[in-house]
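Below: the structure, in structure tokens.
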Amino acid sequence: MTRQTRMFSQIPPRRAVAVLTLGLFALVSMMGLLQIGPQPSPETIRAEGRIIDRVEFQGLRTVDEAYLQTVIRIQPGTPWRREEITAAVARLAETGKFEGSPYAEAREEDGKLVCVFVVQERPFVTEVTILGNEKFKTDELMKDIDLSVGSPISEFLLNQARQAIERKYREAGYYHVAVEVDEAALRDEQRVIIRIAEGPRVKVRKILFEGNASFTPRRLREQIETTTYIWLLRTGAFDDETAQRDAAALKKFYVDRGYLNAQVGYRIDLAPNQSDLTVIFQIDEGQQHLIKSIEYVGNHVYDNDRVASIMSRTNVGRPIDADVLKEDREKLVAAYGQEGYIYAEVTTTHVFDEEDGYVNLTIDVKEREQYRFGRIEIRGNRNTKDKVIRRELRFFPEEFYNTTATKEAENRLVESRLFSEATITPQGELPGVRDALVEVAEAQTTTVLFGVGVTSNNGLVGSVTIENRNFDLFDWPRTAGQLFRGRAFKGAGQTLRLQLEPGTEVSRGRIDFREPYLLDQEIGLGLGAYVFERGREEFDEERLGFYTSLDRRFREGILKGWAAETAFRFEYIDISSIDWLAADEIKDDAGDSWLTSIKPSLVRDTTDSAWLPSRGYRFKTSYEQAGAMGGDYSFGKLMVEHDHYFTLHKDTFDRKHILHLGATGGQIFGDAPVFERFYGGGIGSIRGFEFRGISPRAGLRDDRIGGDFMFVTTAEYSFPIMGKVLRGVAFTDMGTVEDDFGISDWRASVGIGARLYIKYFGPIPLAFDLAFPVSKNSDDDTQVFSFSFGTTF
């Protein structure tokens, strides 16, 4: 007999009956409660049409019950109607505050009908708190995360918030940052408490390379995004994802240059202070592979020798270089495109040779069909006349379709500043013919600009400019409304410019008009009038003048690529405020005078940009003869200018390292007044010297009287520093200004500078230069710092 049985047997019989009766009663009572309690669905209770005694909600935690009463619109004392209950449930679901599907139950208590809406609340954020943040204010961090009071609690959103905060800190240099969410507060109270352990700010102090035998550290740094710390300029922040991209970029750099088996990794070394970091990229270059053989496939228009001459840098025995191959492929495609093979494709593939370190190259050409130009259709020119666009195309129907010509036309249309975009694409399906679709987006060509600028040459200058670069002198308005709505005087590609520039040292005003295609010929007409005032140290100068010019651009013949111009100048000059101790040369030119001149010039410009040239040259020579049409002066002025630009290197981000070599020379023949002679120094001349600080001198005060001979040279290296916003320059300027032809005093300076490009300021950068004279005359006026900046608004 078990212990439990023995215990039960020891209970008196009467008491045992009572215990059994009580247990049976309890079991029956429990079963009774399950039967008479609230029923799970209206199917077990006949509810339809009965009066509802109460309305209750089951499952509420934070949602306001009074709010839900307004949502369901079911009131005690109203009859149960299935369609109304169903609509109430649907409205509950539409609130978005509940998970799953809410439902309604009819329950009966004490003979009365109770309507119970059963819901399961969706967990919502009741509070967002950020703790431990010192670097960034809470409001600033809240802008970066997609969490706020009332947001649904989601592991995805919480992870996004953590990552966003970590990313923001790491971008600021907090490499050790740790971000956690308080799980207990989230689970029990739906409170999002984000705890941040910022750690020390880490700065990349050094970037080193190990194993780089073929390329300098400087060349490799140009391939990566990670940068060292420079106060105010670079944060020096370190990020693992960026370092991984850098390692991949370095590997690609090596592979593209023939090191096909190169491997690149990185490691970091933290200083004991846990703030200074060194990034070391570990490089296994491997062997550079050379081209052992070249096979040409698919070329019929050009034979192998012609293809080889076009792809001149891809030769047997040279390294297989991805950049070289890309450039040569583009040259071959362009050559085909000039002959009408506009869909030609060139691909290159290589396979490893049995001999270690060599590859066999295949150049595969798909020439496809040859095409001629069909119709030329123009779209997008709402205001500009068709002829303004067509004259810049320079290709015609029935000629072989020329993709080089279309690209050059696109560039000319954009360079005209009449259009912000221009694309020319082949269209059509006729065999051997493709129409050229010219699509343009017109730029804003009418501007009213107010501005201010400062230069070390001219001081503070204000500016008010009204310019219309798509002016039409003959498009007169038919009504006053057309004029005020800007629907007149536009569309012919002419330029009208009115400018007023009051300043502290120089003031000027002028009006200029230019017609680039006079009578639809490649002849330009310029007209203008101006007034000019300048207070100089030796005298005050005022000018009132008018000019006109004619120019011609040559497209063929021995002058192909050149432009010729003849300009006529008429000026009234007043020289005043001359000190009685001034040099006699200045006194001789005092008072009113008239000057007229004729100035023919010849120009050739092959540069790729008007604002930041990176290749090509600009050559100009001119001879101005004063007195040819009368006036008080008779002299001649010969000028020769040459500027050459070279791209030394392009980095991974397509930023160019540019070398500029320039020289300017001038000689005056005859007796020129002091205000027409040559002076040197300042921006655009020899930096390190004051504006007009280089000059022959005369008189008791050694007044600057200008020279009849001038020669200036410059060599400037321009390189990127930060994106496309900031560039640095290193330069040397040399030259002289003499009484007559010859060199007796040679000036030279060396310096560094910065060019800051701000979109709001336009294409002309803010220029800051530090220049140090290394050769000068004792009478020269020097100036170490020079600058030029301005803006319009």
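The values are calculated or read from the model by the stated rules, or taken from the named source; none is laboratory data. These figures come from a predicted structure and were not determined experimentally. Reconstructed Cβ throughout: ideal geometry from the backbone, glycine too, with neighbour counts over all protein chains shown.
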With more than 21 Å from Ala47 (Cβ to Cβ), at pLDDT 90 or above and either exposed (fewer than 12 other Cβ atoms within 10 Å of the Cβ) or in contact with an Asp or Glu (Cβ under 9 Å, 6 or more places away or on another chain) (or both) as the only criterion, which of Lys137, Lys112 stands out? Lys137
Among the numbered criteria (1) of a type in the set (A, V, I, L, M); (2) in a strand (DSSP E or B); (3) surrounded by 14 or more Cβ atoms within 10 Å (Cβ to Cβ), which one does Val448 miss? (3)
The listed residue being closer than 29 Å to Phe669 by Cβ and either surrounded by fewer than 17 Cβ atoms within 10 Å (Cβ to Cβ) or at pLDDT 90 or above (or both), out of Ile764, Ile721, Ile694, Ile752: Ile694
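Matching residues to (1) β-branched (Val, Ile, Thr); (2) modelled with pLDDT under 95; (3) closer than 29 Å to Pro200 by Cα:
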site: Leu232; (1), (2), (3): no, yes, yes
site: Ala237; (1), (2), (3): no, yes, yes
site: Asp240; (1), (2), (3): no, yes, yes
site: Ala247; (1), (2), (3): no, no, yes
site: Lys251; (1), (2), (3): no, no, no
In the range 418-444, the residues that are surrounded by fewer than 20 Cβ atoms within 10 Å (Cβ to Cβ), among the β-branched types (Val, Ile, Thr) and touching a residue at least 40 places away in the same chain (Cβ under 8 Å): Val433
Do you know which residues across the range 290-320 are buried (at least 18 other Cβ atoms within 10 Å of the Cβ), under 37 Å from the mean Cα position of the chain (by Cα) and under 30 Å from Gly211 (Cα atoms)? Thr314, Ile320
Could you grab me the full set of residues in the range 321-338 that are under 30 Å from Thr216 (Cβ atoms), aliphatic (A, V, I, L, M) and surrounded by fewer than 18 Cβ atoms within 10 Å (Cβ to Cβ)? Ala322
Which of the residues belonging to the range 254-280 are surrounded by 15 or more Cβ atoms within 10 Å (Cβ to Cβ) and closer than 29 Å to Val351 by Cα? Tyr254, Val255, Asp256, Arg257, Gly258, Tyr259, Leu260, Ala262, Gln263, Val264, Gly265
Which ranges mark the strands (runs of 3 or more DSSP E) fully within the range 339-417 that have 3 or more residues being closer than 30 Å to Asp323 by Cβ, among the hydroxyl-bearing types (Ser, Thr, Tyr) and in contact (Cβ under 8 Å) with a residue 24 or more places away in the chain? none
Being under 30 Å from Pro765 (Cβ atoms) and outside any strand (DSSP E or B), is that true of even one residue in the range 588-597? no
Scanning the range 602-628 residue by residue, those closer than 17 Å to Phe669 by Cα and either modelled with pLDDT under 95 or not aliphatic (A, V, I, L, M) (or both) turn out to be Thr621, Ser622, Tyr623, Glu624, Gln625, Gly627, Ala628
What do you reckon, is Ala237 part of a helix (DSSP H, G or I) and in contact (Cβ under 8 Å) with a residue 12 or more places away in the chain? no
Quickly run through the range 585-629 and pick out the residues that are in contact with a Phe, Trp or Tyr (Cβ under 8 Å, 6 or more places away or on another chain), hydrophobic (A, V, I, L, M, F, W, C) and without any contact (Cβ under 8 Å) to a residue 40 or more places away in the chain. Trp594, Ile598
Which numbered condition Val116 misses (of (1) in contact (Cβ under 8 Å) with a residue 60 or more places away in the chain; (2) in contact with a helix residue (DSSP H, G or I) (Cβ under 9 Å, 6 or more places away or on another chain); (3) β-branched (Val, Ile, Thr)): (2)
Within the range 598-606, identify whether any single residue is assigned by TED's automatic domain parsing to the domain that holds His660 and on the phi > 0 side of the Ramachandran plot, and answer yes or no. no
Go through (1) crowded, with 17+ Cβ neighbours inside 10 Å; (2) assigned to a loop (DSSP other than H, G, I, E, B); (3) of a type in the set (Val, Ile, Thr) for Ile575 and report which single condition fails. (2)
Tell me, which residue of the range 49-81 that is out of contact with any helix residue (DSSP H, G or I) (no Cβ under 8 Å at 6 or more places or on another chain) and part of a helix (DSSP H, G or I) is surrounded by the most Cβ atoms within 10 Å (Cβ to Cβ)? Gln69
Looking only at the range 209-244, how many residues end up being of a type in the set (A, V, I, L, M) and surrounded by 14 or more Cβ atoms within 10 Å (Cβ to Cβ)? 4
From the options Phe253, Phe209, residue that is in the same structural domain as Asp276 (by TED's automatic domain parsing), more than 21 Å from His289 (Cβ to Cβ) and in contact with a Leu (Cβ under 8 Å, 6 or more places away or on another chain): Phe209
At pLDDT below 90 and among the aliphatic types (A, V, I, L, M), is that true of Leu473? no
